[in-house]
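To keep things clear, I will list the structure first and then write my remarks on it.
The values are calculated or read from the model by the stated rules, or taken from the named source; none is laboratory data. All figures in this text were calculated on a predicted structure; none of them were measured in a lab. Cβ sites come from the backbone with ideal geometry, for glycine too, and all protein chains shown count toward neighbours. Quick note on the areas: whole protein, heavy atoms, side chains included, nothing else; ligands and nucleic acids left out. Shrake-Rupley method; radii C 1.70, N 1.55, O 1.52, S 1.80 Å.
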Amino acid sequence: MPIYFLTSQDPYWYFMDYHFRTIEKKWQQYWSTNKTFKASVDKTKPKYYVLDMFPYPSGAGLHVGHPLGYIASDIFARYKRIKGFNVLHPMGYDAFGLPAEQYAIQTGQHPAVTTENNISRYREQLDNIGFSFDWDKEVRTSNPDYYKWTQWIFIQLFNSWYNKKTNKAESISSLISEFEKNGNRQVSAVNEETNVFSSSQWKEMTEKEQQEILLNYRLAYLSDTMVNWCPKLGTVLANEEVKDGLSERGGYPVVRKQMKQWSLRITAYAERLLNDLDTIDWPESIKEAQRNWIGRSEGTSLEFQIENSDKKIEVFTTRPDTIFGVTFLTLAPEHEFVSSLTTSEYKTQVEEYITFAKNRSERDRMADVKKISGQFTGSYAIHPFSGTKIPIWIGDYVLAGYGTGAVMAVPGHDSRDYAFAKYFNLPITEVVAGGDLSKEAYDAKEGKVINSDFLNGLDVKEAVKIAIKKIEEKGIGKGKTNFRLRDAIFSRQRYWGEPFPIYYKDGLPYPVSESELPVELPEVDAYLPTESGEPPLARAKSWTTKEGYPLETNTMPGWAGSSWYFLRYMDSRNDKEFASKENIEYWQDVDLYIGGAEHATGHLLYVRFWTKFLFDLGYIPKNEPAKKLINQGMIQGRSNFVYRLGNSNIFL
């Protein structure tokens, strides 16, 4: 190929500068004035919805990770427009967050002012880059006209229950109707354990008694829950907001404590959240992370009688074939029986261990397989088949919220039990042939069962069936499906978040009328908890309904507004509903969603949950938020220098 060198004889345009600032400013102004990228319902064109995960507007402005994904989505949005598609490509702000509140505590400046200033900076930067966003669709989760609908969705959750017969959420009114006709004997629901009652008994109950029962069925409910409490931040944190016993934001110590909290019954959707992963085009790594987080397992419940007591410890196991290999029980440090099981001889050691375990999040306890810790309670259980005494320990590798908060330890055939037994010199019994227990546990679910009475000689799969049958015959357990997924704690003890549309009468929660939404954040004299430890909203004057009933003082978590924002973009200026039926039917769902893999078990799970719920009630036509998800990758924040030593093949 010939090389051509420019000369003074060449045309002037070879030497013309590209005045990018002038050109870009001109066209960006044109796009803004002419609303070039505005998207409206147009049934003559196929739709295509391209969505980026919207940013939290921090004081630092955009970081390099934001345009990393936004540029890719913008290129694709422009491409689809050229190909004749009607493209919805919106942008907004996930505007509630701890940093603005921490700044308010330090300076006294209202978080709304800080957030507005930060958004102005973000908008300037986004405009300078020249993205093809439809800014008429902009949303801000902290604006009352947005969180009005977040509150509305919460009320729908509060007024719904999950019917296992129809496998979907239904109005609480249908449950009340069933109670009035037949009581709860025929009800199949995802709910807290409730005593059986007849229709006549239901009708004889007081309003307070009825509301207490309904709270056991609602998809949004109040309960005493073990939570991650951060004293420095003055709030509860979700599991994914805690790392190595410290808050992800700020690095402050986090402890486990019991508090009355709002929770959402996401566990009702566990099976659907799991199965429907096969219907969406998402990265396999994200799907696998959600599968593991949901954690479906088949097994059986099983009761162990406590020695010299009428109490029984219930466990859940996926390996009933190894029942004769149980050599000890391990309880979560938070288990309700721990205090009564602890003998005077071990009281001090148990209390010290519980204090230690409180400072570790559930996520850390699940992930940290190298640290081995535990404490003997001094008590024993009786093996349900052999009748032998089994020591009862506590260990932080057992979680109070998973299963029953207790495990039957089979060190011969479970790696964590094996490590625990080796560390504390506890017996290890082989009950499935095929491994070398002098080196490690034999975890494989195959082989012949040995040293196991009526199970001897059976293959593992057959032994599981026979063991469950025997357990059910003895009336000490029942075959069941279990999930690792826990209900989502939905309360935060801070100011800068969505107020709950809830008031209290006789100590029980009731939703405010939908006509009174939004319940707006009140003015307070400080953004700190009260002297008695109540959340900041308790500082507000007359924080009550018109009738004088006290309003909820907690606020919703940061992920509330992001769990449905893709729907609001479809019709963001609608003040009558979260989006019109016409807009929802046209845009339906997200065709391409781009965002970070770090949201796998947080936002990406919650948005699927809320989508399925709204689908159940008939408000939207799709039960998944996005057909396709792409993770843009993560910038590691590191630099490497590679060079070769002179006259050698050595690289550094």
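What is the gain in length, in nm to one decimal, between E284 and K445 on full extension, counting 0.36 nm per residue of separation less the C-alpha to C-alpha distance?
Extra length available between E284 and K445 comes to 55.4 nm.
Give me the extension gain from K243 to Y79: residue separation times 0.36 nm, minus the current Cα-Cα distance, reported in nm with one decimal.
Result for the pair: 55.0 nm of gain on full extension.
Given contacts defined as C-alpha pairs under 8 Å and at least six residues apart, what's the relative contact order of the chain, whole-number percent?
Over the chain, the number comes to 15 percent.
Can you tell me how much longer the chain between D436 and S171 gets when fully stretched, taken as 0.36 nm per residue apart minus their C-alpha distance, in nm with one decimal?
Extra length from D436 to S171 when fully extended: 89.8 nm.
Taking R0 as 41 Å, what FRET efficiency do you get between R121 and Y504 from their Cβ-Cβ distance, rounded to the nearest 0.05?
For R0 = 41 Å, the calculated efficiency reads 0.55.
For the full complex of protein chains and a 1.4 angstrom probe, list D276, D396, D145 by accessible area with the highest value first.
In descending accessible area the options line up as D145, D276, D396.
If you put +1 on each Lys and Arg Cβ and -1 on each Asp and Glu Cβ, how big is the dipole of the stretch 364-465 around its Cα centre, in Debye rounded to 20? Before the final figure, lay out the partial values.
Values: 11 positive and 13 negative charges, 34 e Å.
Using Cβ point charges on Lys, Arg, Asp and Glu, the stretch 364-465 gives about 160 debye.
Can you give the % of DSSP beta bridges in the chain that are antiparallel, to the nearest 5? Let's see the in-between values first.
Values: 57 of 72 bridges.
Taking every DSSP beta bridge with both residues in the chain, the antiparallel ones total about 80 percent.
Sketch the reach of a paramagnetic label on T388 as a point 7 Å from Cα along Cα-to-Cβ, and name the residues of the stretch 399-426 whose backbone nitrogen lies under 20 Å away.
Answer for the stretch 399-426: 407-426.
Which distance in nm do the two modelled labels at D459 and R296 give, with both placed 7 Å along the Cα-to-Cβ direction?
2.3
Over the chain, with the other protein chains present, what is the accessible area per residue in square angstrom, probe 1.4 angstrom?
Working: 31810 Å² over 652 residues.
Spelled out: the 1.4 Å probe surface of the chain, per residue, equals 49 Å².
With the full set of protein chains in place, find how many percent of the accessible area of the stretch 492-605 is carbon and sulfur; take the probe as 1.4 Å.
Values: 2070 of 4440 Å².
Here carbon and sulfur together make up 47 percent of the probe-accessible area.
Out of the total accessible area of the stretch 419-462 (probe 1.4 Å, heavy atoms of protein only), what percent is carbon and sulfur?
For the stretch 419-462, the apolar C and S fraction of the accessible surface comes to 46 percent.
Cα centroid distance between the stretch 59-130 and the stretch 553-601, in Å?
16
How far apart, in nm, are the 7 Å Cα→Cβ label points at N128 and T36?
2.0
Y252's amide H: which non-local residues (gap 5+, or another chain) put their own amide H closer than 5 Å, with H modeled 1.01 Å from N in plane and none for Pro or chain starts?
The answer is S247.
For the chain, find the longest principal axis of its Cα atoms and tell me its angle to the long axis of helix 284-294, 0 to 90°, nearest 10.
40
What is the set of long-range amide H partners of K311 at a cut-off below 5 Å, with H atoms built 1.01 Å from backbone N?
I306
Can you pull the one-decimal nm distance between simple spin-label points at S340 and K370, each 7 Å off the Cα toward Cβ?
Simple spin-label model gives 4.0 nm for this pair.
Kindly write out, for the stretch 138-154 in residue order, the coupling ³J(HN,Hα) from the Karplus curve 6.51 cos²θ - 1.76 cosθ + 1.60 (θ = phi - 60°), rounded to whole Hz, with x marking Gly and Pro.
3, 10, 9, 5, 8, 7, x, 6, 8, 6, 3, 7, 5, 5, 4, 5, 4
Mind checking Rg over Rh on the chain, alpha carbons, Kirkwood formula for Rh?
Here Rg/Rh amounts to 1.03.
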